[in-house]
Structures are given as C-alpha cells and as structure tokens.
1. Tally up the residues in the range 53-79 that are out of contact with any Leu (no Cβ under 8 Å at 6 or more places or on another chain) and either open to solvent by less than 70 Å² (accessible area, probe 1.4 Å) or part of a helix (DSSP H, G or I) (or both), please.
2. Looking only at residues that are surrounded by 17 or more Cβ atoms within 10 Å (Cβ to Cβ) and in contact with a Leu (Cβ under 7 Å, 6 or more places away or on another chain) in the range 585-597, which one is nearest to Ala519 (Cα to Cα)?
3. List, please: which pairs have Cβ atoms under 9 Å, are six or more places apart or on different chains, and start with a residue in the range 540-559 that is of a type in the set (Phe, Trp, Tyr) and end with one that is outside any helix (DSSP H, G or I) and modelled with pLDDT under 85?
4. If the requirement is being open to solvent by 80 Å² or more (accessible area, probe 1.4 Å) and touching a Ser or Thr at 6+ places or on another chain (Cβ under 7 Å), which of these qualifies: Arg427, Arg455?
5. Here is a list: Lys611, Lys555. Which entry is open to solvent by 90 Å² or more (accessible area, probe 1.4 Å) and under 60 Å from the mean Cα position of the chain (by Cα)?
6. Go through the range 598-621 and give me each residue that's without any contact (Cβ under 8 Å) to a residue 60 or more places away in the chain and in contact with a His (Cβ under 7 Å, 6 or more places away or on another chain).
7. Does Ala548 fit the bill of being among the aliphatic types (A, V, I, L, M), closer than 30 Å to Lys610 by Cα and part of a strand (DSSP E or B)?
8. Just for the range 462-497: of the residues that are loosely packed, with under 15 Cβ neighbours inside 10 Å and small (Gly, Ala, Ser), which one is nearest to Met393 (Cα to Cα)?
Amino acid sequence: MSPFNPVMTHCLLTKQFIVIHYLMGLLLFVSAASAAYPTAPQVSAQTFPAAELTQNESEWLLAHPKIRVAFDDSLPPYSFVDKNGQFKGIAVDIMNELSKKLGISLQIYPKTAAEQRVDIIATMVDLPDRRQWFNFTHPYLTKSLVIMAHKSDTTITDRDHLSGKKVAFVDGFEFSAQITKKNPAVKPYTVPSMLACLKAVERKKADACITFSGTAQYLQREYRLDDLQFAGFYERNTADESMAVRKDWPMLTAILQKGLDSISESEMNAIYFKWMPPGIQMPGVQPRPSVSKNSTLAAWWQHNTPDWLKLLAPLLALIGFFVYWRLKPQRTAQAAPYEESPSQNLKQLQIDFERMILKRTTELNNSERKFRNLVENSNKDYFFYQRDRRGSMTYVSPSVAFVLGYDPGNFAANFRRYLTNNPANRRLETILESSSQGIPAPPYQLEFLDSENRRRWLEIADAPVYDEYGNCIGVDGLAFDITQRKQEEEKLIWLSFHDELTGLANRRMLTDRICQAIALSSRSCMPFAVLYLHVDKFRTLIDEMGHAAGDYALKHVAKMLVDTLRESDTAASLGDGEFALLLPDTDVNASATVAQKLIRNLRDPIIFGKKSVNLEVTIGISLYPRHGSNPGMLLQYADASMHYAKKQRLSYSVVADA
C-alpha cells in the first residue's frame, strides 16, 4: 500500500480548485454573453413529423374527411368543458396533435351524448366485453385513484382507514359502484362532480374524497383548496385509458396508433406539463410510463437554450473532460480486486438476458403445448377452425373426424361442398364478408352432410383476429354438433301441431287450417266442408281388449283416412276415438260422397291378435259459410250433426238436431 502523502494531496486539491474557478468564470462569461446578445424568440408553432401511413391508410382518410370523437366533459385535466363551452385537457390536446400529424378533421361531442353516433371515444379502458363493439389503441393515459382528506385529519392514510368514514365520490362513474362493494363499511356521500367532492371534504361535510390524482391536483390548484391533503392511494393505475374506435373501422385504429407512436416523449411531456406542472405534481401523476427525468431535462435544454450555446456545449464538455482526466488521482492497487470490470458486467448481463429469453421461450412453448393439447384432444361434440380474410379455412382440428367423419385437410378444402340446400345456409357468404371486415357475428347455425351423407347441424361461434395494427386478418371459430338438440327441437315443434299416436294433425293445426280455408274461400267464393267422425263403441273396444287394441284401431282409422283423402285435405285426431276432416272446395254433394266412401272403407274388419274387430263410424258434416263463420262454429255444428245421425241411426248427416 502506498503511504498517505499530505503534500501531494494538498497539491491535487489546489489544482482542482483552480480548475473549478476557471470553469465558473467561463460559465459567467457565457451567461453575460447570452444576456448581451439575446437569441431570437422561440416560434410557438412547432413542426412535428407526420405519421407515415400506407397508401391504403391515406386513401381511407381521404374517403372519411370528418371523424367524430367523444370526450368526457367533466374530468379535468384529462378532458372537460371550460367556461366558454370549449373542450380542453390532456386528451383533447393529444387528439389535436394527432389531427395535425394525420391531417384529419375532428368533430367533437360530449361522451354523455348517447344519441350521437361517434367514431372514436377518446378515453376508454380496454375490457373484454367492450371488444365486441370497439377496437382499441395501446393505452396512452394512466390514472390512479387517490384519497383526499382534510389537513387536520391524520387518521386516514390508506383505504383500510375508510371504514366507518363518510366518503364522497361522484355518482355514476365506473369506479363508484366498486367503492361501496369493496368497502361495505364506508358511508357513501355522492356528489355531482369532482369539484363538489373536494369541496365536501374542505367544508368537512365528508371525511374523504376519492378521485383521480391528476383531477385532484388540477382542481386543488385552480380553486385554491388549500385545506386539503393527499392522504394516500385508493388504487394505483386504476385506469389505463386507450382510444376506442368503432368496430367496423379497424383501419382507423391502426392509423391512430401510428399517430400516437409518432408523438415524441418531449411532445407528450409538453402536453402533460401544460396541465400538470412537474414541480407540484402529486404522487402517482406521471405523464407517460416511458418518460424519465433525463428526457424531461433534454426537452428543457432543447426548447430553452440559445443556438450558439448549443454549439459551444460540446467544446465546454471536451475541456472539462480533459481537465478531469489530467487531474484524476491514481487509484490504489488495493481497490482493484473489489471492482468488477466492464467486460464482467457485460458478460453477466448477457447471461441474465439469455436466462430471461430461455424462461420466456419455455413459458410460450408450454402455453402453446397446452393449447394444442386442448385443441387436438377435444371431444367428439365440437371442433376448432381458423379462416383467413378470404373465407378459406387454414386450420381444422382433428376432432372434425368425430363430428362429421371427414379428414381435417379434406374438410378445410371442401367445406362449402358439404353444405346442404337448407335455406339457413344462404346467409354464410354474408357472414364471411362481415367477418373479413372485423365485424363479429352472433352464433349461427349451418347444416352439413357428413361422410355418410347424413344431415348434421352445427352451431358456429366466430371471433375476428387482428394484427398489431388493428387490421382483421381472419377468424377463429368453434363448431358445435347440435344435431340431437335440433332433432329434439323439431320433434317438439311437430308435436305442438300433431297427434303423437296417429301422426295426424291435432286440434291446434286443424283450427289454423280452417282459418286459412276461410280466408281463401272469402276471396274465391268457394265453399268447404268440415266432417266430424266418431268411431262407434270405441270405449267398449278398450274395455274388452285393452288400450293396445284401442291404439291399434286408431292407427288403422288414421291410415284409412290418409289413403282416402286428397293431399289438399286435412285429417286431424281429436282424441277418444274422434276425428275431424277439412275438405277445401267441397259442397254438400261432394262432402256426402266422401262420407259414404269413408264409411264403406272402414267397414272391413281388422285383426288384432287372434280376434277380428269390426269398426263402424258415424259422420257429421258442416259447410262454410252456411253453418258457421269461424272454426269453433263449424266444428260445433259438425259435432251436432254427428250426434243427430247417431240418434236417427244414420251413417252421416248434414243436418243438426234442431
């Protein structure tokens, strides 16, 4: 170890003081020269580089010369309406900056004007449930909720101390409902505005006010609310605000993002510091996550330093470095072993970076493997697919073989060929066109033919996929096999209009058909007939041979009716051995002829088991419009005619018992 030399140390210190005095004198000379020769005044209108747009993006802007944008009108300093009715604030200035860089004309509306259809909402948090209506830029504003208390109150320092306190907040804001939900013990004190919230605390009508940090700072400064203090954060980074763009304009999202990216840090700082001066910023109020003190100092130097001093600065820096290098004392040999060399630091950084890359790569591979296993091993009820913007399938999961019996590659190439001629399939091309533009479609149903030529119903759920610029590049979708559910639905619909045992129409369908016949007859002036048919001794048959024999007899009668009637006629089962027939364009003579034919055909015995059964029927007839003007009257008259025929021991009758 070299011995301590006080004489050498004194000499070195003396030289350093001389250099310091020399540099101070040089700076004083520079300052005096600056005062003697003032620089030209700064031009307020700065020229900023415009965002670089593609030809398609430029053409899109030409086709949309005016764009409507909505702002919050009561959230200073982010966006608000001033005393003159003009929109002001950080978000407004940023949007104006984008207007200059992109060359677009903006029409401004208040965010609360729900009747106005706007193209952009200037500040909105990107949430999953909002993505079906909007595309979002990257966040450009970050807001934190803070607790403001009276200066005399030292009991509140964080959100846990709000229990039992009267807490003021603005009614109707998104975060308002969460306050009472997360802190049920607080006593809510709702106010109409952020300013009223702060004034309520200053006048001790409330113990605390929950508001945004920037809003609290701005209002406290503008309205001289000196009796308030920052008590603590309620929630950091509560809202990462993006620009929300209407879903059918993905091109505009990409254009706005390019505009935001073209705003430099110094430009963004100038906007922020205009509304929130850096010297008195509240905790948690930051212009932008990427802005540092160095960039702020650089912005100050760039805008406030004379041009001649900027030219002289490198020379001064060179002189200072030379003097420092010449006077720097030699380090002792003992200190060397404890210092890491730059090469060692660089090597360690390289190792850490490689470890981080390896970790992230492993995580991505694991995530991809989990997703792939989920897709590849999905069950036989659904399959996953991907389509490009042209509507062509680029991927189909293997489970399509379980659902439809096709090879994935075969189905991807030929899925249109496997569509049936069902009218429900006609809307597919419209859906494909909309999805290629990034417009989401609600779940829809298509009918396909499977590999065995059977009809299969699929329910499709699509979701547009976007690139980093917000442009739609395709669709991810799931196709669920709903054939069984569809068959059950169709059966339920069929049962609501048919008799399950005989397959004939029920009373509901018969009534509907009679209504249609009345409307048609009113135009054509042609009559029609309604026949009421009863199987005689049907109850006796069931009592002697059982319900199985009764069901067999009803099916036999139903088949005989269908075989005898025309396709335009309707046969209905009314239960308990009774049937009804609707015969369009039929007069009294034609209806009597049909009744006689039915009675003759049904006289042939039927065999059930080892027994022969003879069926006999009695028929009553009513005619429109002679015997009634609605389905109820016509059926009632035909029933009365049937009972009159039984009483008179006739096979049929057109006359009812008077």
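1. 16
2. Among those residues, the one meeting the criterion is Ser591.
3. Listed by first residue and then by second, the contacts come to Tyr552/Ile606; Tyr552/Phe608; Tyr552/Val613.
4. One residue alone meets the criteria, Arg455.
5. Only one candidate passes the filter, namely Lys555.
6. Ile606
7. Against the criterion (among the aliphatic types (A, V, I, L, M), closer than 30 Å to Lys610 by Cα and part of a strand (DSSP E or B)), Ala548 does not qualify.
8. By that ranking, first place goes to Ala463.
The values are calculated or read from the model by the stated rules, or taken from the named source; none is laboratory data. All of these numbers come straight from a predicted model, not from anything done at the bench. In this analysis, Cβ positions are derived from the backbone assuming ideal geometry, glycine residues included, and neighbour counts consider all displayed protein chains. Side chains are part of the model used for accessible areas, which takes the heavy atoms of the whole protein and leaves out ligands, DNA and RNA. Shrake-Rupley method; radii C 1.70, N 1.55, O 1.52, S 1.80 Å.
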